Amino acid sequence: MNITNRWLLPEGVEEILPPKAQKLENLCRTIIDLFSTWGYEFVIPPMVEYLESLLTGTGEDLDLKTFKLTDQLSGRLMGIRADITPQVARIDAHLLKRDTPTRLCYLGSVLHTRPGKSGETRAPLQVGAELYGHSGVASDIEIVKLMLATLKQVGINQTYIDLGHIGIFRTLSSDSSLSVTQQAQVFEALQRKAKDELKALYKEWNITNAASNALLELVDLNGDVTVLDEAKKLLAKLSPESVQYIDEIKTLAESITGQSEVFINVDLAELRGYHYHTGMVYTAFVPGEGDGIAFGGRYDDIGSAFGRARPATGFSTDVKSLLKQQIIVNKTPSSIFAPTSSDIALHQKINALRKTG
């Protein structure tokens with residue numbers, strides 16, 4: 001290796017220097033302190049785990065993102081975590097084993113094999129909160145409100161919240177006459193809002209049943225909360241279960257309606273984390289950013305793989321992304337310089353000043 005290349009870091013992996021590093025550390029403390037006031041207990045999962053544990057319940061959503069390595073002690077395959085949420089679910093189900101609702105929070109680095117998009121970090125600093133043991137919409141409301149409080153704590157006052165529900169797609173898919181392969185193609189097209197492509201596929205497959213056609217209509221069911229009334233009319237007779245899901249979204253939307261500078265968008269074709277989430281999903285956006293800054297949703301029963309199924313919902317965000325929303329002023333730190341001396345009085349004064357910060 002050329003000596004000039006020895007200091008290069010891998011693409012998507014960065015160092016954090018002063019004063020940004022101190023700002024980042026302060027922000028981490030602020031967020032964890034906030035979570036604590038909401039009753040969330042702090043846990044510290046390991047950076048690496050055996051692969052089967054690390055990927056449990058997440059399937060292909062995390063498999064391609066996870067770095068794999070062989071444990072030199074056991075010979076078993078391990079993974080460097082790409083998401084902390086499954087680890088916290090394991091802690092709740094396998095270690096804590098509580099019968100009451102449990103609130104846990106975490107903070108730590110994760111590593112991705114590739115960036116989500118060009119120029120994006122592969123080493124986010126993930127912070128999040130998870131609520132286990134309660135299946136009602138009240139826990140989703142709590143998580144969304146905590147997500148908004150976290151963004152406000154950072155100084156983000158204007159927030160756009162996208163709401164969706166994985167259950168609607170799952171229900172309509174199971175009621176349709178589509179094969180597993182066809183469902184996968186419909187899923188991909190819905191993600192891209194490719195309605196004309198879906199129509200062409202239906203024509204090719206000779207699909208005309210009501211549930212499949214309802215999936216087609218999901219493309220247009222996005223906008224403000226009035227979309228929910230349109231969706232109920234569409235699905236009232238066809239899928240009562242989906243109507244229940246729509247009511248859940250409406251209850252959540254009403255709970256945060258009226259909050260200053262919070263704008264709600266409903267998107268019933270939003271299927272982020274489809275293989276992972278089971279219910280409502282929510283994404284927070286801020287002005288000037290094309291991608292979401294905080295992500296959450298319900299992922300019930302992920303703990304069943306660890307011997308104990310539990311309802312679960314939560315959210316996470318990258319602290320580095322939050323820091324970009326803050327203005328960092330590069331200024332000389334306020335310091336007092338003392339001479340090198342053996343003067344006892346001088347050292348007493350230095351110690352006294354350090355105690356005051």
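Tabulated values for the structure
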item: Number of positions in the range 313-343 that are open to solvent by 90 Å² or more (accessible area, probe 1.4 Å) and modelled with pLDDT of 95 or more; result: 0
item: Search result, residues across the range 147-202 that are under 17 Å from V266 (Cβ atoms) and open to solvent by 20 Å² or more (accessible area, probe 1.4 Å); result: Y160, D162, Q191, K193
item: Close pairs from the range 35-56: first over 22 Å from G307 (Cα atoms), partner among the charged types (D, E, K, R) and open to solvent by less than 20 Å² (accessible area, probe 1.4 Å), Cβ under 6 Å, at least 6 apart; result: none
item: Among (1) loosely packed, with under 13 Cβ neighbours inside 10 Å; (2) modelled with pLDDT of 90 or more, the one test that G79 misses; result: (1)
item: Some residue of the range 196-207 being in contact with a Leu (Cβ under 8 Å, 6 or more places away or on another chain), among the β-branched types (V, I, T) and over 24 Å from D162 (Cα atoms); result: yes
item: Residue pairs meeting the criteria (Cβ under 6 Å; at least 6 apart or on separate chains; first more than 27 Å from S135 (Cβ to Cβ) and of a type outside the set (D, E), in the range 99-116; second open to solvent by 70 Å² or more (accessible area, probe 1.4 Å) and in a loop (DSSP other than H, G, I, E, B)); result: H112/K65; T113/K65
item: Pairs where the first residue, in the range 125-148, is in contact (Cβ under 8 Å) with a residue 40 or more places away in the chain and closer than 23 Å to S321 by Cβ and the second is in a loop (DSSP other than H, G, I, E, B) and among the small types (G, A, S), C-beta under 8 Å, 6+ apart; result: D140/G279
item: Matching entry among D33, D61 (being open to solvent by 40 Å² or more (accessible area, probe 1.4 Å), acidic (D, E), in a helix (DSSP H, G or I) and at pLDDT 95 or above); result: D33
item: Residue count for the range 296-313, restricted to those that are in a strand (DSSP E or B) and at positive phi; result: 1
item: Any hit, the range 324-331, residues being assigned to a helix (DSSP H, G or I), touching a residue at least 60 places away in the same chain (Cβ under 8 Å) and within 21 Å of L125 (Cβ to Cβ); result: no
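The values are calculated or read from the model by the stated rules, or taken from the named source; none is laboratory data. Every value quoted in this text rests on a predicted model; they were computed, and no experiment measured them. All Cβ positions, even for glycine, are placed from backbone atoms using ideal geometry, and neighbour counts span all protein chains on display. Calculation scope for accessible area: heavy atoms of the full protein, side chains included, ligands and nucleic acids excluded. Shrake-Rupley method; radii C 1.70, N 1.55, O 1.52, S 1.80 Å.
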